[in-house]
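Accompanying notes for the structure given below.
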Amino acid sequence: MRVFVAGAAGAIGRQLVPMLVDARHEVHGTTRSPERAGWLRSAGAVPVILDARDPGALRDALIAARPDATIHELTDLKAGQRPDDLSATALLRQSSIRAVVDGLVAVGGGRLIAQSAAWLYAEGRVPHREADPLLDPARHPAQRTLPGILAVERITLSTPRIDGTVLRYGLLYGPGTVSEERDDRPAVHVVAAARATALAMVSEALGVFNVVDDGEDVSNDRARTLLGWDPDDRA
């Protein structure tokens, strides 16, 4: 399968790309860093150097790749997680998800897996399940990432000819993240998050999946049952 990974050299991408290559997929991965492009090449992927903040470049790269499946993992957190970084990520998610689906529609549609967040559920019963509502951005302006997350989910799940899956990851910990150990919750190990992404890509199941550790206030039953995912699979 030919796979296009937008944001292939980020925290999840660093774990995901080798998994996909090992599974004998042809992986095309974006980065704006020549150094990270070198890592992608060494991992067995085809590097695509572009600035994802340029929607036209992202759309054109996807059209050129003509993927069977596309995975959206783009963030803009290289400088950290200050409020301005979170706002920049929200803007990037809004523009890039539209560029991705425009590219997919141009080549006839296809499978799209997109990153979301499991810590943005509105107050209510716990454990939260995928049908539960997320926060209202008008009432929670301090949640800088929320507008981008809502745009990603809406566009991924509602665009005609797109077979969309949204993965609501917990807060990442492990290699390449802000912490090696679980701290804030809901959480998920970055390797387990990448494994869930690889499973979702080849699964017939669509829709929204919580990708979190066991024992959180967010249920991972759907990912366990339909994707065959185990949060302890970190190999």
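Let's see how each residue does on (1) surrounded by fewer than 17 Cβ atoms within 10 Å (Cβ to Cβ); (2) touching a residue at least 12 places away in the same chain (Cβ under 8 Å); (3) more than 16 Å from the chain's Cα centre (by Cα):
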| position | (1), (2), (3) |
| --- | --- |
| Arg93 | no, yes, no |
| Ser96 | no, yes, no |
| Val100 | no, yes, no |
| Ile113 | no, yes, no |
| Ala117 | no, yes, no |
| Tyr121 | no, yes, yes |
| Ala138 | yes, no, yes |
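Selection of first residues in the range 175-203 that are in a loop (DSSP other than H, G, I, E, B) and of second residues that are modelled with pLDDT of 90 or more and among the hydroxyl-bearing types (Ser, Thr, Tyr), restricted to Cβ pairs under 7 Å at least 6 apart or on distinct chains, gives the following pairs, ordered by first then second residue: Ser179/Tyr173; Glu180/Tyr173; Glu181/Tyr173; Arg182/Tyr173; Asp183/Tyr173.
Out of all the residues in the range 216-235, which are of a type in the set (Gly, Ala, Ser) and at pLDDT 95 or above? Ser219, Ala223, Gly228 - these are the residues of the range 216-235 that are of a type in the set (Gly, Ala, Ser) and at pLDDT 95 or above. Restrict the check to the range 165-183 and report whether at least one residue is buried (at least 16 other Cβ atoms within 10 Å of the Cβ) and more than 28 Å from Val27 (Cβ to Cβ). The answer is yes, given that some residue of the range 165-183 is buried (at least 16 other Cβ atoms within 10 Å of the Cβ) and more than 28 Å from Val27 (Cβ to Cβ). Taking the numbered list (1) exposed (fewer than 12 other Cβ atoms within 10 Å of the Cβ); (2) closer than 30 Å to Arg36 by Cβ in turn, Arg144 passes all entries but (1). Scanning the range 11-48 for residues being β-branched (Val, Ile, Thr) and assigned to a loop (DSSP other than H, G, I, E, B) gives a total of 0. Of all residues in the range 204-215, those that are among the hydrophobic types (A, V, I, L, M, F, W, C), surrounded by fewer than 23 Cβ atoms within 10 Å (Cβ to Cβ) and not in a loop (DSSP other than H, G, I, E, B) total 1.
Return a yes/no flag: does the range 13-26 have any residue that is within 17 Å of Ala200 (Cβ to Cβ), exposed (fewer than 15 other Cβ atoms within 10 Å of the Cβ) and touching a residue at least 12 places away in the same chain (Cβ under 8 Å). Within the range 13-26, one or more residues are within 17 Å of Ala200 (Cβ to Cβ), exposed (fewer than 15 other Cβ atoms within 10 Å of the Cβ) and touching a residue at least 12 places away in the same chain (Cβ under 8 Å).
On the stretch given as the range 5-45, residues that are modelled with pLDDT under 95 and among the hydroxyl-bearing types (Ser, Thr, Tyr) total 1. Of the numbered criteria (1) touching a residue at least 24 places away in the same chain (Cβ under 8 Å); (2) touching a His at 6+ places or on another chain (Cβ under 8 Å); (3) over 23 Å from Gly164 (Cα atoms), the one Val46 fails is (1).
The values are calculated or read from the model by the stated rules, or taken from the named source; none is laboratory data. Model, not experiment: these values are computed from the prediction. When we count neighbours, we look across all protein chains shown, and the Cβ atoms used for this are built from the backbone with ideal geometry, even at glycine.
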